[in-house]
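The values are calculated or read from the model by the stated rules, or taken from the named source; none is laboratory data. What you see is a predicted model; the values in this text were computed from it and never measured. FYI the Cβ positions are ideal-geometry reconstructions off the backbone, even for glycines, and counts take in every protein chain you see. Protein only, heavy atoms only, side chains kept; ligands, DNA and RNA dropped before computing areas. Shrake-Rupley method; radii C 1.70, N 1.55, O 1.52, S 1.80 Å.
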Amino acid sequence: MPKVKVDGVELEVPNGATVLQACELAGKEIPRFCYHERLSIAGNCRMCLVEVKPGPPKPQASCALPATEGQDIRTDSEMVKKAREGVMEFLLINHPLDCPICDQGGECDLQDQSVAYGRGGSRYHEHKRAVTEKYMGPLIKTTMTRCIHCTRCVRFSEEIAGVDEIGALYRGESMQITTYLEHAAKHEMSANVIDLCPVGALTSLPYAFEARPWELKKTLGIDVSDATGANIRIDSRGREVLRALPRNNDDVNEEWLSDKGRFQVDGLVKRRLDKPYLRRDGQLVPVSWNEAFAAIATLNPGNSIAAIAGDMVDCETMFAAKALVGALGSNLLEGRQTGMDYDTASLAAVNFNSTFSGIETADAILIVGSHVRWEAPSVNVRLRKAVKRGAKVFLIGPEWETTFGGEFLGEDLSLLGKLPQHVVDALSGAKRPAVIVGGAGLGRGGLGAALALAGQFNLVRDLEDGSAWNGFNVLHFSAARMGGLMLGFAQKGGIADVVAAKPKVVLALGADEVDYTRFAGSMIVYVGHHGDKGAHAADVILPGSAFTEKAGTYVNTEGRVQFADKAVFAPGDAREDWTILRALADAFGVSVGFDTFDQLRAAMIAQVPALGVEGLADYGSALPTGGGSASGAIAYPIKDFYMTNPIARASATMQRCSAELLHGEEFAEAAE
């Protein structure tokens, strides 16, 4: 490890570190625009200049200069100060005076650094250049006259997203950043360029002119649009959520967020259920809470009651429903709405055991029945990293446009029992082999056949460095799935067992993907937040809270327990789900053992201790033997990436994304 001096302080830095990283280890702040920790080094903004001896008697770009033994680095010399002032002056030659009307105002790197490192005036009086307006789709608002050509957006699209959609045209002062042929950016992570842009060139189109950052209340939350559990920050003003931004978590989503997780939030105020409804003479009519509870209680279901959990429900709501159903003497609990019936006896067999960061190190990967780009965009980013390190990827399922290459072997699950020889050789010879089974690969014997591969290729092993490796992974697509399985929301035969029991009352906890025609003889009580498919089929609607309107525990597909806070209050007469279930217990005349949220969470943790500890739950590494045969054509469960849940379906932004980006509809701008 080389030793360097930074402003007179000597320290050791890791091999391969840059001078900029050495300065940061020494606690010095180095300004930068083009450098980003997760992108390749471009070295084109020159803002990170420092003085380095031995070396030429001029400032040098610290982001692109390796730290070597004996360097004396100065970050505060007069030469460095003057050089940074000069660079800032150049950057501002063409930058428009837009700050009062720019959405980046208040969280803009250029603003902050011009105050900290600029000279306070300009010596240039020439006309500023202007750039013709660009179009990057319904999510990204472009004002490219503000662009300083840092190329972060270009590098993100090529390196992280893996889609060459954004690039540079022309050279010198004529250079312009644009999408090719000025088409919309279509990949599922496109809006991360908004966070990356250090100026106001790329901003959020749905959020344009909505608020200033200092007006917003910031709440830590968990994204429920898929099962990866991305860490987000929910920004709200009053009772309205205005935007969701990603939070840094290297173990989960790094600092990226899918477009759906980011932009579906405008659906939180549309099509909301804000009062109880009761079906009378075939029509849903608004009633009071007491009338709704009385109507349910008069049915007197006894133990003929079932609870079906939706895809975005928190663990506390599911536990409260389990306590209510259990107090009535029933154990009919299910969360797999669409009819999947795989074996859940071993949670390790339905978990993403490699972890997201671990899958980056796999060197041979077989993906079965998963459209990863749509089911888990942030895992798709990890798979790209694995391929960059030399991993071979094979896929079973209908072909889709991958961003990491890979070889499609076919569309039938029977391939699990007769893999081509070159795939067998690759998995057998790998040090870290991995299998990823998606939702479409779990049924019809798929899970058992995949578990047999785990034994055949020794996916659970000890590595040479002494660490353990478990390469068997199941990639769920529902945020509530692992939490529900930990709480026992699964019947042996899936939802068919619930249908066969013919319950008098079906509690639908935000369950909008169920075929309710199969429950024709049951009273359907829908506890949810949107007037979606479940509410249309319901006999009684009890308005609940969306994920931003309650505190809750969520478990992602790798078994990581995470906690979310309450950002805003639910609209109208809507209540937090657990309070509705607690009131239902009184209506049925049973005791559930809790009266407050803290008591509910304590009871849940007492029953499932893992739900009280933030981090990976320990399901053990032992996998069932598996076996049997799998067969049947694979059909991916997600048909439209932007329309997978009731919040997204209520979102005008997601509806436009679906129409324009997936179905090719054209939208005329106002000037047209």
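Here are the numbers:
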{"read-out": "Relative contact order (percent, whole number), the chain, Cα cutoff 8 Å, 6+ residue spacing", "value": "15 percent"}
{"read-out": "Over the chain: helical MRE at 222 nm, DSSP H runs n ≥ 4 each giving -39500 (n - 2.57), nearest 500", "value": "-6500 deg cm²/dmol"}
{"read-out": "Extreme residue, positive dipole direction of segment 260-379, given options 378, 264, 319 (C-beta unit charges)", "value": "264"}
{"read-out": "Lysines with Cα under 30 Å of residue 53, excluding same-chain neighbours fewer than 8 positions away", "value": "3, 5, 28, 81, 82"}
{"read-out": "Carbon + sulfur, % of accessible area of the chain - ligands and nucleic acids excluded, 1.4 Å", "value": "50 percent"}
{"read-out": "Charge dipole (debye, nearest 20) of the chain; +1 at Cβ of Lys and Arg, -1 at Cβ of Asp and Glu", "value": "220 debye"}
{"read-out": "Cα convex hull of segment 1-148 - mean projected area over all directions, nm²", "value": "10.5 nm²"}
{"read-out": "Pairwise centroid distance, computed over Cα atoms, of segment 171-244 with segment 345-376, Å", "value": "28 Å"}
{"read-out": "Segment 481-552 shape via C-alpha gyration tensor axes, a/c threshold 1.5", "value": "oblate"}
{"read-out": "Solvent-accessible area per residue for segment 79-138 (1.4 angstrom probe, square angstrom)", "value": "59 Å²"}
{"read-out": "Crossing angle, helix 577-588 versus the chain [Cα axis fit, 0-90 degrees, rounded to tens]", "value": "10 degrees"}
{"read-out": "Student exercise, segment 513-556 dipole from Lys, Arg, Asp, Glu Cβ charges, in Debye to nearest 20", "value": "60 debye"}
{"read-out": "Candidate lysines - alpha carbon under 17 Å from residue 550, same-chain residues fewer than 8 apart omitted", "value": "217, 218, 566"}
{"read-out": "Charge tally in the Cβ shell below 11 Å around residue 656, where Lys, Arg are +1 and Asp, Glu are -1, residue 656 excluded", "value": "-3"}
{"read-out": "Computed over segment 465-607: relative contact order in percent, which uses C-alpha pairs under 8 Å that are six or more apart", "value": "17 percent"}
{"read-out": "Ordering of 139-149, 110-120 by burial proxy (mean other Cβ atoms within 10 Å per residue, highest first)", "value": "139-149, 110-120"}
{"read-out": "Sequence-separation-based contact order of segment 68-171, relative, with Cα cut under 8 Å and 6+ spacing, percent", "value": "23 percent"}
{"read-out": "Convex hull per residue volume in Å³, alpha carbons only, for segment 370-460", "value": "95 Å³"}
{"read-out": "Inter-part distance where segment 623-657 and segment 5-60 are each reduced to a Cα centre, Å", "value": "45 Å"}
{"read-out": "Kirkwood-based shape ratio for segment 139-292, expressed as Rg/Rh from alpha carbons", "value": "1.11"}
{"read-out": "Values of log10 I(q)/I(0), in the order q = 0.13, 0.14, 0.16 Å⁻¹, for segment 87-229 under a Debye, Cα-only, solvent-free model", "value": "-0.64, -0.74, -0.94"}
{"read-out": "Under 20 Å from the Cα of residue 502 - aspartates and glutamates, other chains or at least 8 residues apart", "value": "334, 341, 512, 513, 515, 539"}
{"read-out": "Å³ per residue enclosed by the Cα convex hull of segment 139-206", "value": "82 Å³"}
{"read-out": "About the Cα centre, charge dipole magnitude for segment 39-136 (Lys/Arg +1, Asp/Glu -1 at Cβ), debye", "value": "400 debye"}
{"read-out": "Per-residue SASA entry for residue 78, accessible area with 1.4 Å probe, Å² rounded to 10", "value": "130 Å²"}
{"read-out": "Over 43 Å [Cα-Cα, the chain], rounded percent", "value": "31 percent"}
{"read-out": "Segment 519-672, accessible area per residue, ligands and nucleic acids excluded (1.4 Å, Å²)", "value": "41 Å²"}
{"read-out": "Accessible-area value, residue 513, 1.4 Å probe, nucleic acids and ligands omitted, Å²", "value": "50 Å²"}
{"read-out": "Accessible solvent surface per residue of segment 226-266, calculated while the other protein chains remain in place, 1.4 angstrom probe, Å²", "value": "28 Å²"}
{"read-out": "Cα Rg, Dmax (largest Cα-Cα span) when computed across segment 173-229, Å", "value": "15.0, 45"}
{"read-out": "Among 456, 446, 408 the positive-end extreme of the charge dipole of segment 406-462 (Cβ point charges)", "value": "456"}
{"read-out": "Cα-based convex hull, segment 418-514, per residue volume (Å³, whole number)", "value": "133 Å³"}
{"read-out": "Selection from 467, 211, 501, by position along the positive dipole direction of the chain (Cβ)", "value": "211"}
{"read-out": "Using alpha-carbon coordinates, inclination of helix 446-456 to the longest axis of the chain, degrees", "value": "60 degrees"}
